[in-house]
């Protein structure tokens, strides 16, 4: 097979992928110093945007700054740098592109503000995505975080209930609304109240609120200046931000 394989050397699931192809390959990471492209001296500003030094095969390569938040986006940027360097795209062009990219729709997307609190929306509907989004949000400077999570499908909630509960513990205030069924019918004997109970059993309080208008009213009464509100999920929960704003 021809082409280029680029993979995360920090991820054990990616380890050894190069053995299954004849393609050339490059690796990247923030923990594995043996990777071809390594990010070091990572610093986050008040918005959670990273500036970091990149080392290529152990030698200083250049310094880059992002306009999107989260450690996972540092890794994404490293993958991009590896590909661009392979195809001889200049570092200056890469830097300019990074500074102009402010994120994809529904990926920690700033929707506006209410009473001095910023309102974000994110598509995350799997525990791994939620943890990455929480990490990105928590690198910003704010007072308290408020998350409104809408589970996506009954089967996923049932299979990953414990993982969802653990991932949501990273937020200060947790509101759970009804499951977005998507293609499914309610035949799995699971509900959002089960997730609330699981979070409570882990020592964190959480609220179940069904109605979106009631959620908006609750947030209006409790969110303070310099807080952040995040609507989370792949369904209709995205409607809450504009309602609040």
Exposure proxy ranking, count of Cβ atoms within 10 Å, fewest first, for 145, 14: 14, 145
Cα axis of helix 127-138 to longest principal axis of the chain: angle in degrees, 0 to 90, nearest 10? 90
Bridge orientation stat for the stretch 4-100 from DSSP, antiparallel percent rounded to 5, came to 65
Just want to confirm a number: the relative contact order over the chain, from Cα pairs under 8 angstrom separated by 6+ residues, in percent. 17
Residue-averaged [θ]222 nm for the chain, counting only DSSP H segments that reach four residues, each worth -39500 (n - 2.57): -9500 deg cm²/dmol
Looking at the chain only, what percent of DSSP beta bridges run antiparallel? Nearest 5 please. 45
Taking R0 as 30 Å, what FRET efficiency do you get between residue 115 and residue 46 from their Cβ-Cβ distance, rounded to the nearest 0.05? 0.95
Using a 10 Å cut-off around each Cβ, can you sort 105, 192, 69, 113 from fewest to most neighbouring Cβ atoms? 105, 113, 192, 69
At a 10 Å Cβ-Cβ cut-off, how would you order 135, 178, 186, fewest neighbours first? 186, 135, 178
Provide the gained length on full extension for the span residue 24 to residue 53, in nm with one decimal, where the gain is 0.36 nm per separating residue minus the Cα-Cα distance. 8.0 nm
If you average the alpha carbon positions of the stretch 138-180 and of the stretch 12-34, how far apart do those two centres end up, in angstrom? 32
Degrees, to the nearest 10: 192-201 long Cα axis against longest axis of the chain: 80
Only one of the listed values, [x] 17.9; [y] 19.6; [z] 18.7, was derived from the coordinates as Kirkwood radius over Cα pairs in Å; which label is it? [y]
Residue-span extension gain [residue 182 to residue 141] - 0.36 nm each, minus C-alpha spacing: 11.3 nm
Measure off 7 Å from each Cα along the Cα-to-Cβ vector at residue 211 and residue 84, then give the distance between these two points in nanometres to one decimal. 5.0
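No lab work stands behind these numbers, since they all come straight from the coordinates. All values reported here derive from a predicted model rather than from experimental measurement. Note that each Cβ is placed from the backbone with ideal geometry, even for glycine, and that neighbours are counted across all protein chains shown.
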